[in-house]
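What follows is calculated from the coordinates using simple rules that are stated; it is not laboratory data. Quick caveat: nothing in here was measured; it's all calculated off a predicted structure. Note: ideal-geometry Cβ built from the backbone for every residue, glycine included; neighbour counts use all protein chains shown.
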Amino acid sequence: MIDITDRDTGTLITQISEEQLALLMQELEEESSDDQDYYIDMGTLSLLGAAGMDKALLHTLGAALGEREGMEIVWRRRP
């Protein structure tokens, strides 16, 4: 499993599968090949939804985003 956390708070948002991570990596911009963080906002969630991201994960990310305009999320594989 892969942990997704809020970069600002360090709070665990959710755990995702390798398939969900692959979709994030395919659809979102990476600054380098070892980049493990992404900026998300409501537009990003719409993009991910159109790309086939499951609704439960979109809802969880949207809830974590809350009233903020955007946020950085970080992924990390569990050992």
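Answer with one residue from Thr60, Tyr39, Met25: the one whose Cα lies farthest towards the positive end of the charge dipole of the stretch 2-77, charges on Cβ with Lys, Arg +1 and Asp, Glu -1.
Thr60
Give me, ordered by chain and number, the residues 5 or more places off Arg7 or on other chains with an amide H under 5 Å from its own placed amide H.
Glu72, Ile73, Val74
In percent, how large is the relative contact order of the chain, given Cα pairs closer than 8 Å and 6 or more residues apart?
Relative contact order of the chain: 44 percent.
How much of the pair distance distribution for the chain lies past 15 Å, counting alpha-carbon pairs only, in percent?
52
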